[in-house]
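The values are calculated or read from the model by the stated rules, or taken from the named source; none is laboratory data. Keep in mind that this is a model prediction, so the values were computed, not measured. Note: ideal-geometry Cβ built from the backbone for every residue, glycine included; neighbour counts use all protein chains shown. Accessible surface is based on the protein model in full, side chains and every heavy atom, while ligands, DNA and RNA are left aside. Shrake-Rupley method; radii C 1.70, N 1.55, O 1.52, S 1.80 Å.
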Amino acid sequence: MTWHATVLTLFPAMFPGPLGASLAGRALEEGLWRLDAHDIREHGLGRHRNVDDTPFGGGAGMVMRPDVIDTALAAHRAPDDARPLIYLTPRGRLLTQADAARWAKGPGLVLLCGRYEGLDQRVIESTGAEEVSVGDYVLSGGEPAALVLLDACLRLLPGVMGGAGSAEEESFTDGLLEYPHYTRPAEWQGRAVPPVLLSGDHGAIRDWRRDRAEDATRTRRPDLWAAHLSQRMAGRRSPADATGSVATASAGP
Ligand code: ADE
């Protein structure tokens, strides 16, 4: 079955957006995955198709109505739909590489994008939606977050990324940031490529890359470094897709 993403949004024109270009776009054309973006406003109330209202208790902004969201969901998600329902919100837990790997193996996702101050809490609870954030910053809405989340899943679908070997690379990096990359010319603006990379000594190259990956992780991401160390202590070498790290993936072709 084709991996199927359904997005509920007030801005369906944002989809597929950047996912219509590059490898994900080609894969979409080839039918390797499917995308439906539906306008929540079609389920809005009254002549003006209202989707939001002022918050009980006062305060700034508007809150999306639970009845409208519920109706929109019912229209686009069958009761026996096995796909996880995800609500993109800065209040959610942080997206990880492990999430993307798990969701890429499943049937697809239903993504709920909020605007304004977000969704009424009751519809989040009644639907059992999983609340996910793409980072500790506030976007104008869930749509760019949904695009990020989809991209992370799509590159893991079989046949979407041309280049083989990326999965191997990911497990090699083992919860570490990637080592730096170099290509021709060997000298550029007075800067030489690290000589070991030109040595042909594959053992030395592997060691050098490992050292650089460890240096980068230790200095830039103490949180990932601590997780890496405790994993090493435990004597486990789990595959990258189980580390929960967002930092292990190579960028691909
Ligand atoms: N909506 C607004 N900001 C967001 C974030 N950081 N992650 C997910 N959804 C969001």
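The set of residues in region 119-140 that are in a loop (DSSP other than H, G, I, E, B), within 9 Å of the ligand (Cβ to nearest atom) and closer than 22 Å to residue 96 by Cβ comprises 134, 135, 136, 137, 138, 139.
Does residue 77 qualify as being in contact with a Lys or Arg (Cβ under 9 Å, 6 or more places away or on another chain), open to solvent by 50 Å² or more (accessible area, probe 1.4 Å), within 22 Å of residue 147 (Cβ to Cβ) and modelled with pLDDT of 95 or more? So residue 77 fits the description; yes. Only one of the numbered conditions (1) on the phi > 0 side of the Ramachandran plot; (2) more than 12 Å from the ligand (Cβ to nearest atom); (3) not hydroxyl-bearing (Ser, Thr, Tyr) is not met by residue 161, and that is (1).
Restricting the search to region 202-220, which residues are of a type in the set (A, V, I, L, M, F, W, C) and touching a helix residue (DSSP H, G or I) at 6+ places or on another chain (Cβ under 8 Å)? Walk me through how you get there before you give the answer.
Quick first cut of region 202-220, residues of a type in the set (A, V, I, L, M, F, W, C) only: 204-205, 208, 213, 216.
Residues satisfying the conditions are 204, 205, 208, 213.
For residues in region 141-158 being in contact with a helix residue (DSSP H, G or I) (Cβ under 8 Å, 6 or more places away or on another chain) and outside any helix (DSSP H, G or I), which is farthest from the ligand (Cβ to nearest atom)? Checked region 141-158; the qualifying residue farthest from the ligand (Cβ to nearest atom) is 157.
Of all residues in region 197-214, how many are loosely packed, with under 15 Cβ neighbours inside 10 Å and either within 26 Å of the chain's Cα centre (by Cα) or of a type outside the set (S, T, N, Q) (or both)? Steps first, please.
Residues of region 197-214 loosely packed, with under 15 Cβ neighbours inside 10 Å: 198-204, 206-207, 211.
With the extra rule that they be either within 26 Å of the chain's Cα centre (by Cα) or of a type outside the set (S, T, N, Q) (or both), the set shrinks to 198, 200-204, 206-207, 211.
Looking only at that region, the number is 9.
Return the residue satisfying two criteria in turn: it lies in region 90-111 and is charged (D, E, K, R) and touching a strand residue (DSSP E or B) at 6+ places or on another chain (Cβ under 8 Å), and of such residues it is nearest to the ligand (Cβ to nearest atom). Here the residue is 91.
Against the numbered list (1) assigned to a helix (DSSP H, G or I); (2) out of contact with any helix residue (DSSP H, G or I) (no Cβ under 7 Å at 6 or more places or on another chain), residue 75 comes up short only at (2). Restricted to region 199-253, and to residues there that are at pLDDT below 90 and charged (D, E, K, R), the residue that is nearest to residue 104 (Cα to Cα) is 241.
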